[in-house]
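Comments concern the structure below.
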Amino acid sequence: MTERHSPLASGAATILLTGGAGYLGSHTCVALTQAGYQPVILDDFSNSDPVVLDRLEQLLGQPTPCVRGSTADTKLVADTLKQHKAAAVVHLAGFKAVGESVAEPLKYYANNLGGMLSLLQAMASTDCRTLVFSSSATVYGDPATVPITEDFPLSHTNPYGHSKLVCEDMLAALRHANPGWQTGVLRYFNPVGAHPSGLIGENPRGTPNNLMPLLAQVAAGLRPHLDIYGQDFATPDGTGVRDYIHVQDLAQGHVAALRALLAGQPSFTVNLGTGRGQSVLEMVKAFEVASGRSVPWRLAPRRQGDVASCFADTTLAERLLGWRATRALHEMCADAWRWQLSLSGQTQPTPIGRPGSRPP
Ligand code: UD1
């Protein structure tokens, strides 16, 4: 275990932020700090880079304490909770690549379920029973209709989705056994974008799985084209429709959830999305406008497991948390593009729009 120390702001409630150096975690760290909380990051850097800590310091003007380690280390988590007198935990640490979870299920069950179990044991042993948990719209499987409300049937089609559902069930069992547990389960739709400073964002290792980083890499000339997975879905233009939400709005959703729990609000499960759906083709156009670059694409077969349309009904989050997403699609694309430029060290990416590379 290594630890980066910094003086904790006096009077600020301390929040253990697992996965705090990751994509969602780093933005949530900024939002928590700016809301007056003192996050303490726990991260094993298995899918993040320690340089994020320096970027956070640049953004926040102060270092954020960070413990290097895994949530699977129950003693480390318990010691950290005690040492920092944490009032609550925001649990974001976990693996999230669907395809990888199908190829390596044990890795996903060990990390996502083993990590959760160990974290909950550590919390119980230190009497810290307030938790915000990162779940996913993947728990709705293939929804019969949209928009999706929280009472829709739940299902899973891969070990990643299964791990999220089991984690939600673990929390339900704990609440049933001991009403002292206060949990806020957040079902994310499609987080995209980056901090407008260009200092933090998503940095996928290897080939990205998700649409937005791929759009950015194609626009930057790092990939020749985007494969659009299917144009025969039952959607207005035939391509998949998703609820893309700016990562900063999502981070603020965590702050709203935490604030509600710490104010004594009963446990809840809410969708975090914008309530609007965008098709892949709409995303391509929006990204071209934001970047001023061409995004060549070609049609490809459907990706296994993809659903036609998935977007949130956000009424419950608005009612319970007083939260709603405010950032528009052009901000999501502009911020993702700025981040892509800073990642590739480019200010003037090479234009690659080749005539004829796009289907008519
Ligand atoms: C995916 C996961 C989901 C996970 C979420 C967040 C799958 C099946 N689902 O959601 O469980 O919670 O990421 O990490 O992997 N698309 C293309 N070309 C591409 C990439 C994507 O056309 O190269 C399309 C997809 O078909 C989809 C849309 O873009 O219609 C968004 O895809 P993606 O960003 O991967 O998100 P989801 O599939 O919604």
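Looking across the stretch 74-86, the residues that are in contact with a Ser or Thr (Cβ under 7 Å, 6 or more places away or on another chain) and more than 16 Å from A13 (Cβ to Cβ) come down to T74, V77, A78.
Results for (1) under 24 Å from P213 (Cα atoms); (2) in contact (Cβ under 8 Å) with a residue 60 or more places away in the chain, shown as yes or no for each residue.
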{"site": "V89", "(1), (2)": "no, yes"}
{"site": "S101", "(1), (2)": "yes, yes"}
{"site": "S118", "(1), (2)": "no, no"}
{"site": "Q121", "(1), (2)": "no, no"}
{"site": "V139", "(1), (2)": "yes, no"}
{"site": "S155", "(1), (2)": "no, no"}
{"site": "M170", "(1), (2)": "no, no"}
{"site": "T183", "(1), (2)": "no, yes"}
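Among the residues of the stretch 85-102, is there at least one that is of a type in the set (V, I, T) and surrounded by fewer than 19 Cβ atoms within 10 Å (Cβ to Cβ)? Yes, the conditions are met somewhere in the stretch 85-102.
Residue count for the stretch 270-283 satisfying the condition of being surrounded by fewer than 22 Cβ atoms within 10 Å (Cβ to Cβ), in a helix (DSSP H, G or I) and of a type outside the set (D, E): 1. Do the conditions hold for G114, that is, is it more than 13 Å from the ligand (Cβ to nearest atom) and on the phi > 0 side of the Ramachandran plot? Spelling it out, it is not the case that G114 is more than 13 Å from the ligand (Cβ to nearest atom) and on the phi > 0 side of the Ramachandran plot. Keeping to the stretch 159-216, report how many residues are closer than 13 Å to K96 by Cβ, away from the ligand (no atom under 11 Å from the Cβ) and surrounded by fewer than 17 Cβ atoms within 10 Å (Cβ to Cβ). Matching residues across the stretch 159-216 total 1. The set of residues in the stretch 41-66 that are surrounded by fewer than 24 Cβ atoms within 10 Å (Cβ to Cβ) and among the hydrophobic types (A, V, I, L, M, F, W, C) comprises F45, V51, L53, L59, L60. P159: over 24 Å from T315 (Cβ atoms) and either among the basic types (K, R) or at pLDDT 95 or above (or both), yes or no? So P159 fits the description; yes.
Does V289 qualify as being within 10 Å of the ligand (Cβ to nearest atom), more than 20 Å from the chain's Cα centre (by Cα) and under 20 Å from L341 (Cβ atoms)? Here the answer is no, as V289 does not meet what is asked. Taking the condition of being at pLDDT 95 or above and of a type in the set (D, E, K, R), how many residues in the stretch 133-156 meet it? Within the stretch 133-156, residues that are at pLDDT 95 or above and of a type in the set (D, E, K, R) number 2. Counting just the residues of the stretch 117-143 that are aliphatic (A, V, I, L, M) and within 16 Å of the ligand (Cβ to nearest atom), which one comes out farthest from V247 (Cα to Cα)? Checked the stretch 117-143; the qualifying residue farthest from V247 (Cα to Cα) is V139. Selection within the stretch 253-269: residues that are surrounded by fewer than 24 Cβ atoms within 10 Å (Cβ to Cβ) and of a type outside the set (A, V, I, L, M). The member of this set that is farthest from the ligand (Cβ to nearest atom) is G264. Within the stretch 308-317, one or more residues are more than 16 Å from the ligand (Cβ to nearest atom), of a type in the set (S, T, N, Q) and farther than 21 Å from T235 by Cβ. Filtering the stretch 298-314 to residues that are among the β-branched types (V, I, T) and closer than 17 Å to P153 by Cβ leaves only V307.
The values are calculated or read from the model by the stated rules, or taken from the named source; none is laboratory data. None of the values given here were measured: they were computed from a predicted structure. Backbone-built Cβ (ideal geometry, glycine too); neighbour counts: all protein chains shown.
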